[in-house]
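Here is the structure we will look at, set down as structure tokens.
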There are 2 protein chains.
Amino acid sequence: MRMSEYFMPTLKESPKEAEIVSHKLMLRAGMVKQTSSGIYAWQPLGFRVLKRIEQIVREEQNATGAQEILMPTLQSSDLWKESGRYEDYGKEMLRIKDRHERDLLYGPTNEEMITDIVRTHVHSYKDLPKNLYHIQWKFRDEVRPRFGVMRGREFLMKDNYSFDLDYEGALYSYQKMFLAYLRTYTRMGLRAFPMRADTGPIGGDLSHEFIILADTGESEVFADKKWNEVDLTAAGLSYDNKKDVNDYYEKMTSIYAATDEKHDPENCPVATDQLNRARGIEVGHIFYFGTKYSAPMKATVQNKDGEVVPLEMGSYGIGVSRLVGAIIEASHDDSGIIWPEDVAPYKIALINLDPEESVCNEFCEKLYKQLQDEFNKAPFFDEILYDERKARPGAKFADMDLIGIPWQIRKGSRQDGDTVTLKKRDSDEKHEVSIGQALDMIRESSQLNKKAA
Amino acid sequence: MRMSEYFMPTLKESPKEAEIVSHKLMLRAGMVKQTSSGIYAWQPLGFRVLKRIEQIVREEQNATGAQEILMPTLQSSDLWKESGRYEDYGKEMLRIKDRHERDLLYGPTNEEMITDIVRTHVHSYKDLPKNLYHIQWKFRDEVRPRFGVMRGREFLMKDNYSFDLDYEGALYSYQKMFLAYLRTYTRMGLRAFPMRADTGPIGGDLSHEFIILADTGESEVFADKKWNEVDLTAAGLSYDNKKDVNDYYEKMTSIYAATDEKHDPENCPVATDQLNRARGIEVGHIFYFGTKYSAPMKATVQNKDGEVVPLEMGSYGIGVSRLVGAIIEASHDDSGIIWPEDVAPYKIALINLDPEESVCNEFCEKLYKQLQDEFNKAPFFDEILYDERKARPGAKFADMDLIGIPWQIRKGSRQDGDTVTLKKRDSDEKHEVSIGQALDMIRESSQLNKKAA
């Protein structure tokens with residue numbers, strides 16, 4: 001993408017309405033624009049990050065065998081009356097009347113609707129297990145929306161729902177999602193800790209939140225200091241190996257971590273000096289709730305003995321739009337955002353420092369094409385942002401630092417031949433090297449290699 | 001995807017509520033489930049087709065230089081009061097009050113919101129032209145939703161908006177979209193005819209609908225018989241060549257075609273015996289409306305002379321979810337859907353006729369892996385649907401014909417060695433050939449070659 005044509009309205013000053021760093025930086029980088037209280041439009045740069053995160057979530061869900069569907073944003077109130085939640089949700093649920101005065105609502109979650117879909121079509125244990133997910137906009141009418149996309153009203157969530165014949169199957173489904181969540185966050189460059197959590201309006205007995213630590217976190221969390229050393233990548237395990245999945249889950253849940261609602265100082269198994277106390281941002285929440293919805297809604301199957309039994313269910317949510325803010329909270333400096341490579345809106349920024357000098361300009365134009373040929377991934381995304389604007393070098397550097405592109409290749413007319421400056425955004429290292437060496441360094445970067453593999 | 005694990009709830013009988021063939025077939029193939037009047041959930045097979053269509057639309061938009069953003073589904077009423085359309089839209093607009101009694105609405109279209117975004121950030125002719133699009137769910141509260149996803153209430157639309165300094169620029173933007181639309185439909189296997197059309201609540205002077213012919217079409221259309229011979233592929237033109245784009249547009253718009261609102265029998269330039277009269281389904285609509293929104297909303301820029309002028313605008317819509325139905329209306333037979341290859345949910349169906357016979361089963365299992373390695377496209381979609389269910393061959397054939405996968409590879413225990421049956425869904429041709437020959441025939445298929453290129 002050529003910056004001269006790009007719709008990327010960056011701001012020099014931090015907008016006053018933004019309280020936390022991710023909100024400030026998203027506005028300054030021109031990623032989003034608030035269109036109503038707690039509702040945002042995603043401008044091109046922000047849209048790309050949102051899509052990268054969505055795609056990582058999708059790939060990790062597909063790897064578990066979960067199947068993608070898409071439920072609508074609007075729901076009829078009827079199903080919510082069946083489950084008994086229509087009143088429970090209170091004012092957070094956006095209630096709507098259509099032209100025929102029928103009660104609709106903007107879905108805050110989809111347990112009822114998915115239970116209805118599954119009860120319509122699934123009638124035998126032979127059709128189980130099933131795990132269905134969708135990535136769709138939800139609405140929760142927060143009293144006081146704040147922190148930009150971190151606590152918006154209209155938000156993008158991946159939610160899935162598992163259906164099993166019995167508790168053992170449901171637990172296995174829960175454990176697979178537990179593992180998938182850790183892998184998902186790792187790919188986004190995050191360390192997200194699983195913590196025992198309250199189940200809230202979803203209900204059920206067993207629940208974990210996945211939490212990243214940040215000073216601006218909305219809640220207090222308590223975790224054994226052992227977590228500092230724990231490998232959260234969940235590497236090398238197969239979802240098909242039930243024992244391995246269970247062992248990993250048991251290991252991870254044996255180390256103490258709890259949100260403040262669940263933490264009981266009186267009965268905490270960890271000594272005070274061994275306990276970390278920190279602020280956390282929730283980036284996912286998983287639930288096992290058994291027959292809470294299937295029983296009242298009569299979502300049943302015949303088991304092997306011909307008995308009719310209610311389905312065992314769990315649900316699993318990742319806040320896709322919230323993650324955009326959460327990643328910035330975890331990864332930024334005074335100059336701006338530092339995107340982890342797999343979620344960066346562009347991988348490489350090519351900065352032409354002298355677009356009006358013909359040798360420099362020709363070099364950069366040719367290099368732009370070469371970089372596109374090598375790094376672009378069909379068909380979704382181009383990976384190169386090319387700054388060929390007639391502007392001061394300092395302004396160009398500031399913009400690229402602000403929007404956090406992982407690699408900068410800078411070329412000016414004072415540099416001989418094929419010499420360029422390669423800058424790595426996260427470490428701020430700069431190298432005066434030939435373009436060949438610069439590309440080798442980019443290629444050798446473990447993350448780009450991993451993706452190419 | 002293994003059919004034994006797949007959530008694909010096909011129906012043997014046509015549901016009574018479905019009036020037209022696409023709606024019947026979508027329900028029978030388990031693609032969608034109605035969740036409220038005119039609102040649908042997309043089950044895995046339907047979701048895949050929706051995503052394929054969305055991706056074709058996206059790629060063809062990106063090729064024009066349009067930039068993707070994402071506006072929210074809910075809008076504040078304020079902007080619609082500024083443009084004067086808040087009252088115009090009547091009951092088709094879904095009006096909502098939030099917990100603080102503020103007026104929201106579920107966006108039926110986004111002219112106001114995009115004008116607000118652009119007026120906030122674009123102030124100079126140097127920032128022009130701009131063309132921004134998004135693919136987002138919309139809502140129109142139809143009095144009588146019908147025809148399944150063809151006239152639903154919640155529907156997925158690609159809409160974009162062009163911003164230019166003057167009429168000449170705006171016309172060029174309009175013509176590029178005209179071209180992009182023809183290319184988009186061609187890739188979906190459709191012949192869509194551009195027709196002069198009414199502008200309705202969007203407004204403006206210049207407008208074309210893109211219409212495919214089908215007996216179940218919602219409106220009557222009139223077109224010169226010359227259209228039967230016209231090449232609609234718009235091949236070989238560059239968007240950067242203004243003259244070529246203009247010439248192509250002039251050529252295509254010189255042949256008469258009009259919807260019934262625009263057709264005037266008294267003044268029709270085509271003789272009656274030279275005029276086709278048919279039913280049509282609208283699959284896209286483009287508008288040039290100049291300053292209709294920019295003037296009241298004060299979306300202005302400074303031109304080269306320092307004068308402040310309102311932006312020249314157009315908007316362009318493609319009904320993504322509606323296209324799923326429209327393609328089926330255009331491409332089906334008595335046995336079911338016939339997907340054009342580029343929108344098919346899977347490219348190849350592998351049918352294991354004797355999963356309980358070990359030689360046949362091993363052959364198919366090995367072939368399944370081989371096909372996945374060769375044809376799957378990372379990271380989004382697998383391309384192979386593998387029917388390894390214990391079911392009668394006739395039932396398996398009927399399912400695959402119903403859901404319309406372009407290629408079927410069938411293998412039974414009575415077939416020697418590596419002999420398989422290759423069936424092409426559209427022509428119903430069957431070939432008893434070696435698997436090597438079968439794969440060569442699939443690879444040679446022009447459309448698969450085109451995509452691999």
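Tabulated data for the structure shown
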quantity	calculated
Subset of the stretch B:146-155 [part of a strand (DSSP E or B) and either in contact with a Leu (Cβ under 6 Å, 6 or more places away or on another chain) or at the interface with another protein chain (Cβ under 9 Å from one of its Cβ atoms) (or both)]	B:Glu154
Residues located in the stretch A:258-311, provided they are of a type in the set (A, V, I, L, M, F, W, C) and assigned to a loop (DSSP other than H, G, I, E, B)	A:Cys268, A:Val270, A:Ala271, A:Ala295, A:Met297, A:Ala299, A:Leu311
Residue within the stretch A:111-123 that is of a type in the set (D, E, K, R), open to solvent by 20 Å² or more (accessible area, probe 1.4 Å) and over 19 Å from the mean Cα position of the chain (by Cα) present	yes
Among residues of the stretch B:51-106, those that are more than 20 Å from the chain's Cα centre (by Cα), surrounded by 17 or more Cβ atoms within 10 Å (Cβ to Cβ) and acidic (Asp, Glu), counted	1
Identity of the residue in the stretch A:27-39, at the interface with another protein chain (Cβ under 9 Å from one of its Cβ atoms) and open to solvent by 20 Å² or more (accessible area, probe 1.4 Å), that ends up farthest from B:Glu101 (Cα to Cα)	A:Lys33
Verdict on A:Leu50 being of a type in the set (A, V, I, L, M), facing another protein chain (nearest Cβ under 8 Å) and outside any helix (DSSP H, G or I)	no
Check on B:Tyr133, assigned to a helix (DSSP H, G or I), assigned by TED's automatic domain parsing to the domain that holds B:Asn241 and touching a Phe, Trp or Tyr at 6+ places or on another chain (Cβ under 9 Å)	no
Test result for A:Val143, in contact with a Ser or Thr (Cβ under 9 Å, 6 or more places away or on another chain), β-branched (Val, Ile, Thr) and either assigned to a strand (DSSP E or B) or assigned by TED's automatic domain parsing to the domain that holds A:Leu206 (or both)	no
Among (1) in a helix (DSSP H, G or I); (2) of a type outside the set (S, T, N, Q); (3) over 24 Å from A:Ile281 (Cα atoms) - the single one A:Asp240 does not satisfy	(1)
Selection within the stretch B:156-169 - within 24 Å of B:Thr216 (Cα to Cα) and within 10 Å of chain A (Cβ to nearest Cβ)	B:Leu156
Of all residues in the stretch A:66-105 being of a type in the set (Ser, Thr, Tyr) and not in a helix (DSSP H, G or I), the one that is nearest to the other protein chains (Cβ to nearest Cβ)	A:Ser76
Matching entry among B:Lys262, B:Lys242 (being in contact with a strand residue (DSSP E or B) (Cβ under 7 Å, 6 or more places away or on another chain) and among the charged types (D, E, K, R))	B:Lys262
Number of the exception - A:Arg99 against (1) free of Cβ contacts under 8 Å to residues at least 60 places away in the same chain; (2) on the phi > 0 side of the Ramachandran plot	(2)
Residue match in the stretch A:285-303 (condition: open to solvent by 40 Å² or more (accessible area, probe 1.4 Å), modelled with pLDDT of 95 or more, over 30 Å from A:Gly200 (Cβ atoms) and not aliphatic (A, V, I, L, M))	yes
Any hit, the stretch A:140-155, residues being among the basic types (Lys, Arg), open to solvent by 30 Å² or more (accessible area, probe 1.4 Å), more than 17 Å from A:Glu111 (Cβ to Cβ) and in contact with a helix residue (DSSP H, G or I) (Cβ under 7 Å, 6 or more places away or on another chain)	no
Residue among A:Ala192, A:Ala257, A:Ala234, A:Ala214 that alone is in contact with a helix residue (DSSP H, G or I) (Cβ under 7 Å, 6 or more places away or on another chain), crowded, with 17+ Cβ neighbours inside 10 Å and at positive phi	A:Ala234
Subset of the stretch B:420-453 that is modelled with pLDDT under 90 and surrounded by 12 or more Cβ atoms within 10 Å (Cβ to Cβ) - its residue that is farthest from the chain's Cα centre (by Cα)	B:Ser445
Qualifying residue in the stretch A:216-235 (condition: modelled with pLDDT of 95 or more and under 22 Å from A:Tyr133 (Cβ atoms))	no
Residue check for A:Tyr133: more than 9 Å from chain B (Cβ to nearest Cβ) and surrounded by fewer than 22 Cβ atoms within 10 Å (Cβ to Cβ)	no
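The values are calculated or read from the model by the stated rules, or taken from the named source; none is laboratory data. Computed from a predicted model, the values in this text were never measured in an experiment. Here Cβ is always computed from backbone atoms with ideal geometry, including for glycine, and neighbour counts include all displayed protein chains. Protein only, heavy atoms only, side chains kept; ligands, DNA and RNA dropped before computing areas. Shrake-Rupley method; radii C 1.70, N 1.55, O 1.52, S 1.80 Å.
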